[in-house]
Amino acid sequence: MYEISVEKHFDAAHYLRDYKGKCENLHGHRYTIIVKVSAEKLNDIGLAYDFTDLKTHLKTILERYDHTCLNDVKPFDKINPSSENIAEEIYKELKKKLGKDPVTLTSVAAFETPHQGVTYTP
C-alpha cells in the first residue's frame with residue numbers, strides 16, 4: 001500500500017457562530033490543508049498517483065475559500081466554518097474530483113495554526 005500526501009495553504013477569515021468566546025469575532029488564519037490518498041499498486045512508470053494531479057484537484061477546491069470570509073461561502077453560510085467542517089467539506093469535494101482515479105481518499109487535515117488542526121477520516 002502506498003500513501004501519497006500533498007499540502008497546500010489558503011488564507012481566510014471566519015467567525016464561529018454561538019461560540020461564546022473570542023472566536024465568535026471575525027478573525028483570520030493561514031490554513032494548512034493536508035490531503036492523503038492511498039493506492040495499492042504503482043502505474044506503468046512507477047507512480048502510485050501523480051502529485052501534480054492531486055495538487056491541481058486540491059487547488060481548484062481551495063481557490064473558492066482563499067481570501068474570503070468563509071462565513072459568506074457555501075456551505076459555511078449555513079454551518080460553522082470550524083476546522084472540523086472545513087476538513088469534511090474539502091474531503092467531500094475532493095472525493096468527487098478523484099472519481100474513478102485508482103486511489104482512495106484517506107483523510108483531509110485542516111490546520112488553523114502550525115500547532116492545532118483537525119483530521120477528517122470517514
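Brief remarks follow.
- Yes/no for residue 45 being in a strand (DSSP E or B), over 18 Å from residue 84 (Cα atoms), of a type in the set (A, V, I, L, M) and out of contact with any helix residue (DSSP H, G or I) (no Cβ under 6 Å at 6 or more places or on another chain): no
- Residues of region 28-42 include at least one that is over 20 Å from residue 62 (Cβ atoms), among the aliphatic types (A, V, I, L, M) and over 20 Å from the mean Cα position of the chain (by Cα).
- Residue list for region 95-122, filter: under 9 Å from residue 83 (Cα atoms) and open to solvent by 50 Å² or more (accessible area, probe 1.4 Å): 111, 119
- Members of region 1-57 found to be of a type in the set (S, T, N, Q) and open to solvent by 70 Å² or more (accessible area, probe 1.4 Å), listed by number: 25, 43, 52, 56
- Of the criteria (1) buried (at least 17 other Cβ atoms within 10 Å of the Cβ); (2) of a type outside the set (Asp, Glu); (3) over 14 Å from the mean Cα position of the chain (by Cα), which one residue 81 fails: (3)
- Considering only residues in region 64-76 that are over 14 Å from residue 26 (Cα atoms) and free of Cβ contacts under 8 Å to residues at least 40 places away in the same chain, the one that is most open to solvent (accessible area, probe 1.4 Å) turns out to be 74.
The values are calculated or read from the model by the stated rules, or taken from the named source; none is laboratory data. What you see is a predicted model; the values in this text were computed from it and never measured. Backbone-built Cβ (ideal geometry, glycine too); neighbour counts: all protein chains shown. We work out accessible area using only protein heavy atoms, side chains counted, and drop any ligands, DNA or RNA first. Shrake-Rupley method; radii C 1.70, N 1.55, O 1.52, S 1.80 Å.
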